[in-house]
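What follows is one structure encoded as structure tokens, with my remarks underneath.
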Amino acid sequence: METATIISAVLFSVMAAGAFVIACFQFRGKGFLFNNAYIYASQEERRRMDKKPYYRQSGVAFCLMGVLFCLVALECIANAAWLIYIILLVCLLAIVYAVVSSIKIEKRRK
């Protein structure tokens, strides 16, 4: 195994661990809320906003990113080309989840 492959696998593993840690904090409703709806909201909107669905949405998104980074690290180590299809499927799942959950949150707000 080449040095670059090992470094890539370790880097993606560290990124996966970081994504899982952030996901845990988001699921518990602790720490900074990594969500565009919260980040771009005014101070007044932030005070009135129910943050629970946004924390949950961010937690799921970071969890999916952690899975994605784990799969990429595994693909680097195993050099299995078929893992690309699973990686693309997880990417598609993350995009669909983000869009659908954003629409559901907006419908509940109104």
- Note on the structure: Checked region 24-41 for anything open to solvent by 70 Å² or more (accessible area, probe 1.4 Å), within 14 Å of the chain's Cα centre (by Cα) and under 13 Å from residue 59 (Cβ atoms); matches are 24, 25, 27, 34
- Considering only region 1-56, give the helices (runs of 4 or more DSSP H) lying wholly within it that have at least 2 residues that are of a type in the set (Lys, Arg). 43-48
- If you go through 10, 21, the only one that is surrounded by fewer than 19 Cβ atoms within 10 Å (Cβ to Cβ) and under 14 Å from the mean Cα position of the chain (by Cα) is 21
- Query: Any chance region 88-99 includes a residue that's under 25 Å from residue 6 (Cβ atoms) and open to solvent by less than 80 Å² (accessible area, probe 1.4 Å)?
  - Reply: yes
- Message: Quick check on my filter: what residues within region 49-90 are small (Gly, Ala, Ser), in contact (Cβ under 8 Å) with a residue 40 or more places away in the chain and touching a Leu at 6+ places or on another chain (Cβ under 9 Å)?
- Response: 73
- Message: If residue 105 meets every condition in (1) free of Cβ contacts under 8 Å to residues at least 60 places away in the same chain; (2) in contact with a Pro (Cβ under 8 Å, 6 or more places away or on another chain); (3) open to solvent by less than 50 Å² (accessible area, probe 1.4 Å) apart from one, which number is that one?
- Response: (1)
- Message: Six or more apart or on different chains, Cβ atoms under 6 Å: show the pairs whose first residue is in region 34-48 and in contact (Cβ under 8 Å) with a residue 12 or more places away in the chain and whose second is open to solvent by 70 Å² or more (accessible area, probe 1.4 Å) and part of a helix (DSSP H, G or I).
- Response: none
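The values are calculated or read from the model by the stated rules, or taken from the named source; none is laboratory data. For clarity, every value in this text was computed on a predicted model and none was experimentally measured. Glycine also receives a Cβ, built like all others from the backbone with ideal geometry; neighbour counts cover every protein chain displayed. Heads up: the accessible areas ignore ligands, DNA and RNA and are worked out on the full protein's heavy atoms, side chains in. Shrake-Rupley method; radii C 1.70, N 1.55, O 1.52, S 1.80 Å.
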